[in-house]
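In what follows, a structure is listed as structure tokens, so that the remarks can point back to it.
The values are calculated or read from the model by the stated rules, or taken from the named source; none is laboratory data. The structure presented is a predicted model; accordingly, all values stated were derived computationally and were not measured. Neighbour counts run over all protein chains shown; Cβ positions are idealised from the backbone, glycine included.
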Amino acid sequence: MADVPKTKIEVGLAGKTTVMEVEIPAGDPLPYKVGERPITGKRRPRLDGPQKVTGRAVYTHDAQRPGMLHARVLRSPHAHAKIVSIDTSALEKMPGVVFENPGKNTVRYHGEAVLALAAPTRAAAEDALRAVKIVYDVLPHTVSLAAARKEGAPLVFQKPVEEKHSAGDVPGGAAPVEQKGNVRGPKASGRGDVDKGFAESDGTLEVVTTTTVQTHVPLETHSLFAEWVGDTLEVQASTQGTFSVRDELAGVLKLLKDKVNVRAEFTGGGFGAKFGAGDYGVFAAKLAKKAGKPVLMALDRKEEHLAAGNRPDSWNRVKLGYKKDGTVTAVDYESFGTAGVATGTGTGGFVKSAYGFPAVKVAEFDVFTHLGPGCAMRAPGHPQGCFAVETALEELASRLGMDPLALRLKNDPSEVRRAEWEIGAKEIGWARRAGISKANAAAAAAGSPLRRGLGCAASVWYTFVAPGSQVLVRVHRDGTVEVENGVQDIGGGPRTPIAMVVAEELGIPVEKIRVKIGDSRYPFGPASGGSVTTGSLIPAVRAAAVHAREKLIGVAAKLLGAPAGEIALANGVFSAKGKSADFRKVCSRLSGETLVVTGDRAKDYDGADTRIFGAQFAEVVVDVETGVASVKKVVAVHDCGQPVWKTGVESQIRGGILQGISYALFEERVVDERSGRVLNPNVEFYKILGSKDTPEIVPLLVDHYPGKNNAHARGIGEPATVPTAAAVANAIAHATGIRPTALPITPARILDALGKVPKREVRA
Amino acid sequence: MAKSPEPPNETKGVTRRGLIKGIASVVGAASAGATTLLVEARHELQAANGSGPIPVSVTVNGTARTGSFEPRTTLAEALRDTWGLTGTKVGCDRGACGACTVLLDGVPVNSCLTLVHDADHRKVTTIEGLGSPEAMSPLQKAFVDADALQCGFCTPGMVVSCSALLMKNPKPTEHEVRDAVSGNLCRCGTYTGVFAACEAAAHAKSEVPRG
């Protein structure tokens, strides 16, 4: 095979770019050059904003059809039980009720589905649920990480469990992993010579951190509408993956892919929990078939907490070997976590990727418990791992008497991140830190309760690409332009950047582009997980738009009597040799009724770093009398390559930060060990951040040309949430002198660490 | 700002709060089940001694709407399932997330905690009554301009709460905006946009509901 010619492209931070030679895949446009683009990269209102702010955007919850049934799931009240009998006889007498009983004989968590039914109204379905009589034989359970690890703990599974993956997980090979009791592991990984690293160190330091289970809490609960039209299943799903729902339904129901159509025009949030059809979705499809009527299955808030996924908890041990100058020479890292009846709790990604530690050894263990399954949640494993490692670094800085930022710079070889540290430090006013420490000491001496603190933490994520993403552009003879891709909008708002890219290439206003998404009948689009959407889609959009432009230039060349190479296209006008024709006129000369072109997502260029770096700084105020910590300001400096739609990027960053603060300070699933039940499956007692907890947020972007694809595009959803909790924890440490090692950092924990909780006498 | 659904209604004796009170003594507060009782209470009571559908008449966004509903039916259910106004969202069905916020005689209430019979002969304004994509209210436009939304599911409730604030207080401080939406949860994290949108709308013309 002949050598593919290499092309020189500019990569790196603007102002410091270097030239790299890459193979540009056949048919793919050259990447954006360093410099100005007229439309993309800028702020502008969201194209579907008017639908969303007026209540006209139709979500899956809003599906309505004549004769539609409402489905509900009957769920186990027990953490672990044998199902002795299920008496559904009462349902036979209820008008319009259909049910699906899969005949389970064991339930392994509070909230596990036992059977599903559908009735003409949601209220009637509730009545029907109560009419089913189930006899359970309750079995011993284990619901805490510590208890489940012990020998003799009730077993969750009798047989080895295979790891399952969703589109939101970090991709990777699944090596066989040992399983003993409820403990599955170690999953071992790492790099470098850890023994040598420790041998060369001047000292070692060890910290243990813990985090609790976090629930996604999308405002729209998991839901799926199913309707059979002939032998075709028409679905509307609240999902992060139109195609992953289609594929799961086709697989489970043994249908060909062309017999399942999934729409997801608007999804009310996902955060990693909404990839497949789920058991609830399969129930909906089966109930619809049985009833011969359309069925809407929408989980309630309680089910959402119990059975629709969560971020697993974690116990992390970090042992650092270090030099006196702050250089880390080796890291020994171990994590245990429970995803209930599921796997995938590892938190070792961050320690391996975030810094330049020369030797890292990671061992990750999943611990099974009788609790609802964990799943991917915004940057799986990373906020936990970041909290562990950044806590250890903070402790090391304190031990060595170093400035925490200086210590990080000692261990951070990334040029992008170093730029981010510098920008962020300036914006937050890191130079104030020593002065703040003095002011805190003065406040303590004066008996004032308020302490201020600054903290920082690093972010790392990766450029994953959904292969096979394809975009179709139609240009009609009347000059209208449509763009089609099956991708869904879970809040990131892909319609807008897609339109911006096409508008830029065709030289017409953004508003003129009609973007059609959220339908599995359109060309394949990525599932929105792992920050893949923008990076997977935008290069394909650009390829399609460039191909359309080339064709239109061909038409214009004929019309204007000039060679194609001389045609200029700007502001909707094609011109050459002093002659011109507007966009519409050129389109009217199309040979067919419609010009249809597609663009494929070519593979990434080799060579450049696939990691995405970020840095965040937090400023907090802690009341040492009440123990209440409040975040005043967060400065977030991130790398989004060349952002396409800056407004959306900034919104994503704000959202990632607010979820991170919520994780740091508030969110905690509470499980009663005796009954094995979750006590706060709701949003009153499972506290998430609200309007009054929202600080000032400053999102900043480095001007970066990563050189992986034709648009220098990459995602931002995960990077923005990885470091926030750690930065907040470190700021609290600065403010109070305590070292938070457990999330959430509640007032009780702060007061306890400050020694302000009186010791109670224990009576015999 | 008070956002609880006050039940001053004399025409019907059944309120959801009353239902819950009634059932509380029956079921007690078994620790693990306690959090589920609120939602199930109205169905339990309906099953025990509920009557059939009773007619109701509500003015929704200026249009008279009628229907026959079981006493347990919430205003949110009536608006969405019977009258097709799905702009009002149900996020938790227990008054904790605010996605279902509507105006009842100009006062913001959680429509999931308001029985439709409590809205009998009263005026309800939903998100659809505040504007349309083609004719957005100044506040709605300000939401779009400030990108005060991501997935958009909490947005109708957010807009209704802010709208109620601006009607009462045309130039609110940021603190007052935070108060006004303190019952509206947003998981995507759009609060800073909401504050900015309210500030911008306060400088535009005043909010006048069309309901």
Being touching an Asp or Glu at 6+ places or on another chain (Cβ under 9 Å) and more than 7 Å from chain A (Cβ to nearest Cβ) is the filter here, so list the residues in region B:95-107 that pass it.
B:Gly95, B:Cys100, B:Leu104, B:Val107
I'd like to check something: does region B:154-170 contain any residue that is within 7 Å of chain A (Cβ to nearest Cβ), assigned to a loop (DSSP other than H, G, I, E, B), free of Cβ contacts under 8 Å to residues at least 60 places away in the same chain and surrounded by 24 or more Cβ atoms within 10 Å (Cβ to Cβ)?
no
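This table checks each residue for (1) crowded, with 21+ Cβ neighbours inside 10 Å; (2) more than 30 Å from A:Ile517 (Cα to Cα); (3) touching a Pro at 6+ places or on another chain (Cβ under 6 Å).
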position	(1), (2), (3)
A:Ala441	no, yes, no
A:Ala445	no, yes, no
A:Ser448	no, yes, no
A:Gly455	yes, yes, no
A:Ser459	yes, yes, yes
A:Gly468	no, no, no
A:Gly479	no, no, no
Enumerate the helices (runs of 4 or more DSSP H) found wholly within region A:395-449, keeping only those where 3 or more residues are aromatic (Phe, Trp, Tyr) and modelled with pLDDT of 95 or more.
none
More than 9 Å from every other protein chain (Cβ to nearest Cβ), closer than 30 Å to A:Ala608 by Cβ and either assigned to a strand (DSSP E or B) or of a type in the set (S, T, N, Q) (or both) - does that describe any residue in region A:688-698?
yes
Going residue by residue through region A:282-302, is there one that turns out to be acidic (Asp, Glu), under 30 Å from A:Pro66 (Cα atoms) and assigned to a helix (DSSP H, G or I)?
no
Condition set part of a loop (DSSP other than H, G, I, E, B) and more than 20 Å from the chain's Cα centre (by Cα), scope region A:655-673, selection nearest to the other protein chains (Cβ to nearest Cβ): answer is A:Asp672
Are there strands (runs of 3 or more DSSP E) fully within region A:555-641 with at least 3 residues that are out of contact with any Asp or Glu (no Cβ under 6 Å at 6 or more places or on another chain) and either at pLDDT 95 or above or of a type outside the set (Gly, Ala, Ser) (or both)? List them.
A:579-582, A:594-600, A:611-623, A:629-638
Residues of region A:701-735 satisfying the condition of being in a helix (DSSP H, G or I) and not small (Gly, Ala, Ser):
A:Thr724, A:Val728, A:Asn730, A:Ile732, A:His734
For the structure I just gave you, tell me whether A:Glu21 is touching a helix residue (DSSP H, G or I) at 6+ places or on another chain (Cβ under 6 Å) and more than 14 Å from every other protein chain (Cβ to nearest Cβ).
no
Based on this model, can you work out whether B:Gly131 counts as facing another protein chain (nearest Cβ under 7 Å), touching a Ser or Thr at 6+ places or on another chain (Cβ under 8 Å) and not hydroxyl-bearing (Ser, Thr, Tyr)?
yes
At negative phi and either outside any strand (DSSP E or B) or aromatic (Phe, Trp, Tyr) (or both): is that true of A:Leu219 in this structure?
yes
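Answer yes or no as to whether A:Arg65 is within 14 Å of chain B (Cβ to nearest Cβ), over 31 Å from the mean Cα position of the chain (by Cα) and surrounded by 12 or more Cβ atoms within 10 Å (Cβ to Cβ).
Yes; evaluated as a whole, the condition is true for this residue.
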By residue number, the members of region B:115-131 that are farther than 24 Å from B:Val177 by Cβ and either more than 15 Å from the chain's Cα centre (by Cα) or not in a strand (DSSP E or B) (or both) are B:Val116, B:His117, B:Asp118, B:Ala119, B:Asp120, B:His121, B:Arg122
Taking the criterion of being out of contact with any Cys (no Cβ under 6 Å at 6 or more places or on another chain), in a helix (DSSP H, G or I) and either aromatic (Phe, Trp, Tyr) or over 30 Å from A:Ala330 (Cβ atoms) (or both), would at least one residue in region A:172-192 satisfy it?
no
Among the residues that make up region A:15-22, is at least one of them closer than 30 Å to A:Thr647 by Cα, in contact with a strand residue (DSSP E or B) (Cβ under 7 Å, 6 or more places away or on another chain) and part of a loop (DSSP other than H, G, I, E, B)?
yes
Name the residues in region A:381-417 that are under 20 Å from A:Pro719 (Cβ atoms) and out of contact with any strand residue (DSSP E or B) (no Cβ under 9 Å at 6 or more places or on another chain), would you?
A:Leu409, A:Pro413
Please determine whether any residue of region A:735-756 is within 14 Å of chain B (Cβ to nearest Cβ) and without any contact (Cβ under 8 Å) to a residue 12 or more places away in the chain.
no
Give the number of residues within region A:514-548 that are surrounded by fewer than 23 Cβ atoms within 10 Å (Cβ to Cβ) and over 24 Å from the mean Cα position of the chain (by Cα).
4
Scan of region A:54-110 for residues that are without any contact (Cβ under 8 Å) to a residue 60 or more places away in the chain and in a helix (DSSP H, G or I), ordered by number
A:Asp62, A:Ser89, A:Ala90, A:Leu91, A:Glu92
Residues that are within 16 Å of A:Pro154 (Cα to Cα) and either of a type in the set (A, V, I, L, M) or within 7 Å of chain B (Cβ to nearest Cβ) (or both), drawn from region A:674-686:
A:Ser675, A:Arg677
Positions within region A:601-650 being more than 21 Å from the chain's Cα centre (by Cα) and among the hydroxyl-bearing types (Ser, Thr, Tyr), in sequence order:
A:Tyr605, A:Thr626, A:Ser630
Filter region A:699-717 down to the residues that are crowded, with 24+ Cβ neighbours inside 10 Å and either within 14 Å of chain B (Cβ to nearest Cβ) or under 20 Å from A:Glu422 (Cα atoms) (or both) and list them by number.
A:His704, A:Pro706, A:Ile716, A:Gly717
Quick one: which residue in A:Val58, A:Val107 is more than 14 Å from chain B (Cβ to nearest Cβ) and modelled with pLDDT of 95 or more?
A:Val107
